[in-house]
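Q: I have a structure here, written as structure tokens, and I will follow up with some questions on it.
The values are calculated or read from the model by the stated rules, or taken from the named source; none is laboratory data. All of these numbers come straight from a predicted model, not from anything done at the bench. Methodologically, a virtual Cβ is constructed for each residue, glycine included, from the backbone with ideal geometry; neighbour enumeration extends over all protein chains shown. These area figures cover heavy atoms from the full protein model, side chains too; ligands, DNA and RNA do not enter into them. Shrake-Rupley method; radii C 1.70, N 1.55, O 1.52, S 1.80 Å.
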Amino acid sequence: MAAAAIFGGHLVLSAPNSTRRPQSLALHPPSERPIAASSASVARRGVAAAAVSSPAVVSSLGKDAKQIPKDFLHINDFDKDTIMKILNRAIEVKAKIKSGDRGFQPFKGKSMAMIFAKPSMRTRVSFETGFFLLGGHAIYLGPDDIQMGKREETRDVARVLSGYNDIIMARVFAHQDILDLAKYASVPVINGLTDYNHPCQIMADALTMLEHIGRIENTKVVYVGDGNNIVHSWLLLAAVIPFHFVCACPKGFEPDAKTVEIARNAGSKIEITNDPKEAVKGADVVYTDVWASMGQKQEAEKRKELFKGFMVDEALMEMAGPKAFLMHCLPAERGVEVTDGAIEAPNSIVFPQAENRMHAQNAIMLHVLGA
């Protein structure tokens, strides 16, 4: 079997040798880290967020050395070479796992605390299984186990869990919670999802694109639906790796304007439109997500009316063209944002995409743990 590597955003094969409502945050390119504080509010969402400095590991080369983030909170905390290195490692470790080789145990003797303010099948199973397959032990802490910020302050939770574990993963509502965890934890913290972004999902999506398209650069990715945390993470990837990203959403559901500008200023072509039929033309990937995320279910019926015309069906995929793949971060509400026919079509890569959550996250954990 050929081995795979990635160079400059392209997948290269060689001969073998032997895996919502958004909040407004002022995020900056990697060269301007740490994250600056922001008090910007988003009136239509009724949410305001303040970012704090993300902890970083400073190289021993001296005070002028580049700071290396100890955590994985936003994709654009890292440069292109580092993101591609992580994706390359994901392909390498995925091949080991798929081959049945269980000799690679870099997490042997290590433990991970998994904080779930929001429940999730994919996030829990992909992290827990991946950490186990590489030799580690993961501990699930559900919504009632900690009640972070209510029963116990986030900064106290961060310090206590750091004393017991080698790494922390958290899936939370407020983005400030993940920033505070990272600020006070002495071990690496991985963002398993916040209302602002979902970096692990988009790393899995990028891995899936490399496997099925062969590249990320110079592709066209069209997202159809709500301008939510998934869209923000695509934009932050576009701030690191240049590609054409289009968000087709109803008026009033556009992504955070500052995040759009981050991607544009980095050189990627970014379009925000209200016309999905025009948007999908020539797409390499058509991407969608539920219209009402966790915490928004009371708005579900109203959103069905507002999002009419934004369902991804067979007709829309035909407009995209023969090379277009369908992606969905799941869970899907079939018959709402996507049809059964579209998700089961030969050009749907939804389930390889879901599997890649584990493989991408394994590589992220390897990176932050230096393994």
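Q: Within the range 256-265, does at least one residue satisfy the condition of being assigned to a loop (DSSP other than H, G, I, E, B), of a type outside the set (D, E) and either open to solvent by less than 20 Å² (accessible area, probe 1.4 Å) or farther than 18 Å from W234 by Cβ (or both)?
A: Checking the range 256-265: not a single residue is assigned to a loop (DSSP other than H, G, I, E, B), of a type outside the set (D, E) and either open to solvent by less than 20 Å² (accessible area, probe 1.4 Å) or farther than 18 Å from W234 by Cβ (or both).
Q: Further question: Name the single residue that is farthest from N274 (Cα to Cα) among those in the range 227-242 being among the hydrophobic types (A, V, I, L, M, F, W, C) and open to solvent by 10 Å² or more (accessible area, probe 1.4 Å).
A: Only one residue fits best here, namely V240.
Q: For a quick check of your reading of the model, give me the residue pairs whose first member lies in the range 274-293 and is polar (S, T, N, Q), whose second is open to solvent by 10 Å² or more (accessible area, probe 1.4 Å) and assigned to a loop (DSSP other than H, G, I, E, B), with beta-carbon atoms closer than 6 Å and at least 6 apart or on different chains.
A: That search, which allows pairs on different chains as well, returns N274/K251; S293/R20.
Q: May I ask you to list the residues in the range 68-93 that are open to solvent by 30 Å² or more (accessible area, probe 1.4 Å) and aliphatic (A, V, I, L, M)?
A: I68
Q: Right, here's the next one. Give me the pairs, please: first residue somewhere in the range 315-330 and outside any strand (DSSP E or B), second residue anywhere and open to solvent by 10 Å² or more (accessible area, probe 1.4 Å) and among the aliphatic types (A, V, I, L, M), beta-carbon distance under 8 Å, and either six or more positions apart or on two chains.
A: M317/A345; A324/M317; L330/A354
Q: Here is a list: G163, G149. Which entry is open to solvent by 30 Å² or more (accessible area, probe 1.4 Å), out of contact with any Gly (no Cβ under 8 Å at 6 or more places or on another chain) and at positive phi?
A: On inspection, the qualifying residue turns out to be G149.
Q: Only one of these is modelled with pLDDT under 95, more than 16 Å from the chain's Cα centre (by Cα), crowded, with 19+ Cβ neighbours inside 10 Å and not polar (S, T, N, Q): A324, A292, A320. Name it.
A: A292
Q: Please find, within the range 189-226, the residue that is most open to solvent (accessible area, probe 1.4 Å) out of those that are within 14 Å of V350 (Cα to Cα) and acidic (D, E).
A: Filtering first and then ranking leaves E211.
Q: Cβ-Cβ distance below 7 Å, separation of 6 or more or different chains: which pairs start in the range 168-182 with a residue that is more than 20 Å from M365 (Cα to Cα) and open to solvent by 10 Å² or more (accessible area, probe 1.4 Å) and end on one that is of a type in the set (D, E, K, R) and modelled with pLDDT of 95 or more?
A: From residues that are more than 20 Å from M365 (Cα to Cα) and open to solvent by 10 Å² or more (accessible area, probe 1.4 Å), the pairs are F173/D195; A174/D195.
Q: Same structure, new question: Does E355 meet the test of being outside any loop (DSSP other than H, G, I, E, B), open to solvent by 30 Å² or more (accessible area, probe 1.4 Å), on the phi < 0 side of the Ramachandran plot and at pLDDT 95 or above?
A: Taking the combined requirement at face value, the residue satisfies it.
Q: So which residues in the range 52-91 are in contact with a strand residue (DSSP E or B) (Cβ under 8 Å, 6 or more places away or on another chain) and at pLDDT 95 or above?
A: Within the range 52-91, K70, D71, F72, L73, H74, D77, F78, M84, L87, N88, I91 qualify.
Q: When residues of the range 268-308 are filtered for being in a helix (DSSP H, G or I) and touching a strand residue (DSSP E or B) at 6+ places or on another chain (Cβ under 9 Å), how many remain?
A: 4
Q: Does F245 satisfy being at pLDDT 95 or above, of a type in the set (F, W, Y), open to solvent by 70 Å² or more (accessible area, probe 1.4 Å) and not in a loop (DSSP other than H, G, I, E, B)?
A: Against the criterion (at pLDDT 95 or above, of a type in the set (F, W, Y), open to solvent by 70 Å² or more (accessible area, probe 1.4 Å) and not in a loop (DSSP other than H, G, I, E, B)), F245 does not qualify.
Table: residues versus (1) closer than 17 Å to P119 by Cα; (2) in a strand (DSSP E or B).
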residue	(1), (2)
D156	no, no
Q176	no, no
I190	yes, yes
D195	yes, no
D205	no, no
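Q: Name the single residue that is surrounded by the fewest Cβ atoms within 10 Å (Cβ to Cβ) among those in the range 334-344 being in contact with a Ser or Thr (Cβ under 9 Å, 6 or more places away or on another chain) and among the hydrophobic types (A, V, I, L, M, F, W, C).
A: A342
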